[in-house]
Structure formats: structure tokens, C-alpha cells
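**Student:** Dumping the structure here so I can ask a few things about it.
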Amino acid sequence: MTASRREILIAGLGAMAVAAIARPTVARAAAPFVQPPLPFAEKDLEPTISARTVGLHYGKHHKGYFDKLNDLVKGSEYETMSLEEVVRASAKREKDRKIFNNAAQAWNHNVYWDVLKPGGPQKPEGVLAEAIEESFGGFDGLKAQILATSDGVFGTGWVWLTKDSNGKLVLRGYQDADNPMAGGKPAILGIDVWEHAYYLDYENRRAQHVAALVDKAINWAVVAERIKA
């Protein structure tokens, strides 16, 4: 007797149900940390920062931190954390210094690229301008303090605009991968003073690079939003 089309369909569905029940449940591994896309074209910061520098900085150095971090956290408690959580947790553990260095540098650069997006005001405005006036005596005072702070960072590191315990804007120099967020402070504006950020364009003239960045490349609307947050 030939089975009807309806009977064949029912039998097929039953077999699929049995297979689904028999299939073992496999826990999904945590997704790797993913480098965000660059929020502008590599050439968009020229002539302040060349396309070649952006390409190497983002495509080699920043990507390298993500790649190394994903290798380091495999099978560890950090694998299921957010990037920010990894930075904060590993900062307190000397044995996890390699994880901190790569996680912090990955996070630092996320913050760095986002504030360089072209299109925003090239000088602080509104509430941000008022806060800068209060803390640094105006934009020129802020720029002078950024240059002085960057000069005080020996070797590799960052200049960060953050807040003190009273909520006043301050500038701090940090060595290597360190940042205010790791210590529970807001990281409002980060300026990378590792040589890979400027050497192709400015050679050893770090101050010239930092001055050009402050004058021409920072999107101060992004900085203002971070202060509100």
C-alpha cells in the first residue's frame, strides 16, 4: 500500500522531532573581543594625521591588542566579561599584567578613535567651554597643560582628561596602557603619545603632533557628551 503524501509528511516531522531531542546541548563559547570599525576613512584626518599612520595605527597596533587579548583570555574568567570589566579586574592583579596591557590598549584606542571623528567643533563650546575655563583658564590654558602633561610622560603612554574627586576637570599623564577608567575615574579625552601614533608624520616631534591634534583633529562635541555622561 502506497503511503499518502500527508502520512509521509507526518513521518518526516516525527523523525525531525526525535533527532532534535536526541541532539546534545552544546554551550556556546563566549564571543571574542571585536575591534570596532574605524569611525572615519583613513585619509579623513590628513594633514594632521596621515592615512598611512592611521592605517598602521588602527590596522596593526590596535588590531594587535585585540588579537593578543583574545589569545590570553581563552579559558579564563575574563572570557565572558565586557572589555571594560576586563580592564578594571585585571588592573588589580599583577599576575594578569599582560591581559591588562592588551585589554587597556584595546579600550584606550576605542576611546581615542571616537573622539577624532571629523565634523564636530574644533574648539569647546557651551558647558564644556565653561568647565575648561574654570579648570584651565580657557582653551589656550587647556592646550598648554596638555602639552606640558604629554612632555612629562616618559617613553610610552597617554594624556587623559579626567575629573578629580571634586568633579573638576584635570589632566593626568599615564604610563604605557594605563587609564583613569581602570581606577574608577572618567576617561573623557585620551591622547596617545606612543610613538606609533605620530612618528611617521612628525618623527620625534611629539609636541608638534599633540598641538596639531588639539587644534585640528579633536571633535569637541564628543568630549562634551562624555562629560555629560
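Nothing in this text is a laboratory measurement; each read-out follows from the coordinates by a stated rule. No experiment lies behind these values; they were computed from the predicted model shown. Every residue, glycine among them, receives a Cβ derived from its backbone with ideal geometry; neighbour counts consider all protein chains shown.
**Student:** Name the residue that is surrounded by the most Cβ atoms within 10 Å (Cβ to Cβ), counting only residues in segment 67-107 that are of a type in the set (Gly, Ala, Ser) and closer than 18 Å to PRO180 by Cβ.
**Tutor:** Just the residues of segment 67-107 that are of a type in the set (Gly, Ala, Ser), to begin with: 75-76, 82, 89-91, 103-104, 106.
Now restrict to residues that are closer than 18 Å to PRO180 by Cβ: 82, 89-91, 103-104, 106.
On the way: SER82: 11, ALA89: 17, SER90: 26, ALA91: 21, ALA103: 31, ALA104: 26, ALA106: 26.
Filtering first and then ranking leaves ALA103.
**Student:** What are the residues in segment 97-147 that are among the charged types (D, E, K, R), in contact with a helix residue (DSSP H, G or I) (Cβ under 7 Å, 6 or more places away or on another chain) and under 14 Å from LEU69 (Cα atoms), if any?
**Tutor:** Listed by number, the list holds a single entry, LYS98.
**Student:** Scan segment 94-112 and report the pairs whose first residue is under 15 Å from HIS57 (Cβ atoms) and whose second residue is buried (at least 20 other Cβ atoms within 10 Å of the Cβ) and among the aromatic types (Phe, Trp, Tyr), with Cβ atoms within less than 6 Å and a gap of 6+ or a chain change.
**Tutor:** Qualifying pairs under 6 Å: GLN105/TYR65; ALA106/TYR65; ALA106/PHE66.
**Student:** Is it the case that some residue within segment 48-62 is within 14 Å of ASP178 (Cβ to Cβ) and either touching a helix residue (DSSP H, G or I) at 6+ places or on another chain (Cβ under 6 Å) or surrounded by fewer than 13 Cβ atoms within 10 Å (Cβ to Cβ) (or both)?
**Tutor:** No, there is no match, as no residue in segment 48-62 is within 14 Å of ASP178 (Cβ to Cβ) and either touching a helix residue (DSSP H, G or I) at 6+ places or on another chain (Cβ under 6 Å) or surrounded by fewer than 13 Cβ atoms within 10 Å (Cβ to Cβ) (or both).
**Student:** Can you name every residue in segment 63-90 that is outside any helix (DSSP H, G or I) and in contact (Cβ under 8 Å) with a residue 24 or more places away in the chain?
**Tutor:** VAL73
**Student:** Does segment 54-64 include one or more residues that are over 15 Å from the mean Cα position of the chain (by Cα) and closer than 25 Å to ASN101 by Cα?
**Tutor:** Yes, segment 54-64 has at least one match.
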